[in-house]
Amino acid sequence: MLTRKIKLWDINAHITCRLCSGYLIDATTVTECLHTFCRSCLVKYLEENNTCPTCRIVIHQSHPLQYIGHDRTMQDIVYKLVPGLQEAEMRKQRDFYHKLGMEVPGDVKGETCSAKQHLDPHRNGETKADDSSNKEAAEEKQEEDNDYHRSDEQVSICLECNSSKLRGLKRKWIRCSAQATVLHLKKFIAKKLNLSSFNELDILCNEEILGKDHTLKFVVVTRWRFKKAPLLLHYRPKMDLL
């Protein structure tokens with residue numbers, strides 16, 4: 001069976017960021033038009049703008065950051081298509097934390113090991129048999145499933161209620177994976193308060209409403225900006241005025 005080979009530069013336009021012209025890192029997609037950029041590039045751009053950098057459609061008049069989401073599928077595709085990109089990015093992140101004298105987060109360590117495992121079978125043109133690869137993939141998946149994200153970077157959070165219409169949590173201090181999203185927190189709070197729907201809630205940091213797809217790591221970096229732990233978040237009913 002003949003297979004067609006496609007050169008990387010033929011698809012570069014689909015896997016690069018329009019803002020920095022580099023390969024997508026932490027790929028983030030605008031929900032209004034589905035254009036994708038590096039998360040750091042897009043967040044910096046949206047600090048001064050509210051339109052998509054590619055098509056100029058208005059994302060949102062006042063809160064464009066609520067209408068962007070991490071695109072894990074696109075990021076996986078980019079890492080698989082570009083040799084050594086994931087390994088290089090993890091190395092940069094490790095160097096960044098070492099330079100600041102901070103401990104390297106668990107998710108960076110884990111992704112580095114995963115990148116090495118992904119690249120090793122293809123070095124020197126060697127490939128493993130399909131059955132062996134499937135077995136290793138199954139073992140890795142089982143190991144990940146049993147880990148429950150304990151090896152991820154962890155975030156300490158204080159959840160405060162700033163509305164008289166809702167009661168406070170009995171245990172407002174929690175610790176969870178930095179990869180958890182604001183949506184996960186909404187579902188957690190809704191369950192604890194016996195609310196009919198998590199959509200009834202808004203979660204805020206520094207009095208700014210957070211988008212449901214924002215990861216806690218993203219919130220810490222862009223909103224909390226590495227202030228002293230814990231990360232202080234407030235919750236309130238939607239449309240409730242402060």
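The values are calculated or read from the model by the stated rules, or taken from the named source; none is laboratory data. Predicted model, so just to flag it, every value in this text is computed and none were measured. Cβ atoms come from the backbone with ideal geometry, glycine included; neighbour counts cover every protein chain shown. Heads up: the accessible areas ignore ligands, DNA and RNA and are worked out on the full protein's heavy atoms, side chains in. Shrake-Rupley method; radii C 1.70, N 1.55, O 1.52, S 1.80 Å.
The heavy atoms of S40 offer some 90 square angstrom of accessible surface to a 1.4 angstrom probe. For the pair T3 and N206, label points projected 7 Å from Cα toward Cβ lie 4.8 nm apart.
Loop-located trypsin sites (Lys or Arg not before Pro) across the stretch 1-76 with a Cβ neighbour count of 11 or fewer within 10 Å are R4, K5, K7, R56, with loop assigned by DSSP.
Spin-label model, K170/I77: points 7 Å from Cα along the beta carbon direction are separated by 4.7 nm. Ranking of Y79, Y67 by solvent-accessible surface, largest first: Y67, Y79 (1.4 Å probe, protein heavy atoms only, all chains present). Checked against a 31 Å cut-off, the cross-linked pairs K80/K228; K5/K217; K7/K92; K80/K192; K99/K172; K99/K187 give Cα-Cα distances beyond that limit for K80/K228; K5/K217; K80/K192; K99/K172; K99/K187. For the stretch 1-84, GluC sites (Glu not before Pro) are listed when DSSP marks them as loop and at most 14 other Cβ atoms sit within 10 Å of their Cβ; the list is E47, E48. Ranking of F218, F96 by solvent-accessible surface, largest first: F96, F218 (1.4 Å probe, protein heavy atoms only, all chains present). For L100, the solvent-accessible surface computed with a 1.4 Å probe is close to 100 Å², ligands and nucleic acids excluded.
Potential lengthening of the chain between K187 and L100 amounts to 27.9 nm, from the contour at 0.36 nm per residue minus the alpha-carbon distance.
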